[in-house]
1. Being surrounded by fewer than 13 Cβ atoms within 10 Å (Cβ to Cβ) and outside any strand (DSSP E or B) is the filter; apply it to the range 27-75 and report the residue that is modelled with the lowest pLDDT.
2. Run residue 93 past the list (1) closer than 27 Å to residue 21 by Cα; (2) free of Cβ contacts under 8 Å to residues at least 40 places away in the same chain; (3) surrounded by fewer than 17 Cβ atoms within 10 Å (Cβ to Cβ) and report the number of the one that doesn't hold.
3. I need every pair where a residue in the range 96-117 that is at positive phi has its Cβ under 7 Å from the Cβ of a residue that is in a strand (DSSP E or B) and modelled with pLDDT under 95, sequence separation at least 6 or different chains.
4. Every residue in the range 76-88 that is out of contact with any helix residue (DSSP H, G or I) (no Cβ under 8 Å at 6 or more places or on another chain) and outside any strand (DSSP E or B), please.
5. Of all residues in the range 114-133, which are in a strand (DSSP E or B) and surrounded by 14 or more Cβ atoms within 10 Å (Cβ to Cβ)?
6. Restricting the search to the range 3-23, which residues are at pLDDT 90 or above and farther than 19 Å from residue 107 by Cα?
7. For the range 1-24, how many residues are assigned to a strand (DSSP E or B) and more than 14 Å from the chain's Cα centre (by Cα)?
């Protein structure tokens, strides 16, 4: 079965858990979108466009494990929430300074642990490249490659 490949741009903010130093909750939202890359002879351009349609929400717990590294687990719900994925970090994610003043940048890979609805029994991975701006808002560009469970007889 061919994988389902999703491109999503999430936006949200991490919130420290007062009773657990180094642990944050992260709430992110994404809308239906179109992302394009145009490769020219001497340049590369990209664009993002929000589209009408459903939304996705991600709720995660992020634990700092060292200087600039973390582990994370959470749930992504699509549309009305009947289709969902749970995930956890493969190894550790990274967050550090970027070339833009006051902006942090990072990346992580997550393994799909479980799915429901359309993604019941699915496997796959999600990669995220993200920034945290000077106001503390996170923007996470994610690519998910999801292998739905094969239907019986196929």
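The values are calculated or read from the model by the stated rules, or taken from the named source; none is laboratory data. These figures come from a predicted structure and were not determined experimentally. Every residue, glycine as well, gets a Cβ built from its backbone with ideal geometry; the counts of neighbours run over all protein chains shown.
1. The residue in question is 67.
2. (3)
3. Nothing qualifies.
4. Within the range 76-88, 79, 80, 81 qualify.
5. Once the filter is applied, which keeps residues that are in a strand (DSSP E or B) and surrounded by 14 or more Cβ atoms within 10 Å (Cβ to Cβ), the range 114-133 yields 114, 115, 116, 123, 124, 125, 126, 127, 128, 130, 131, 132.
6. Within the range 3-23, the first condition is being at pLDDT 90 or above, and the residues that meet it are 3-17, 19-23.
Selection gives 3, 4, 16, 17, 19, 20, 21.
7. Pass one, the range 1-24, residues assigned to a strand (DSSP E or B): 4-16, 23-24.
In the following step, the residues that additionally are more than 14 Å from the chain's Cα centre (by Cα) were identified as 4, 15-16, 23-24.
The number of residues fulfilling the criteria is 5.
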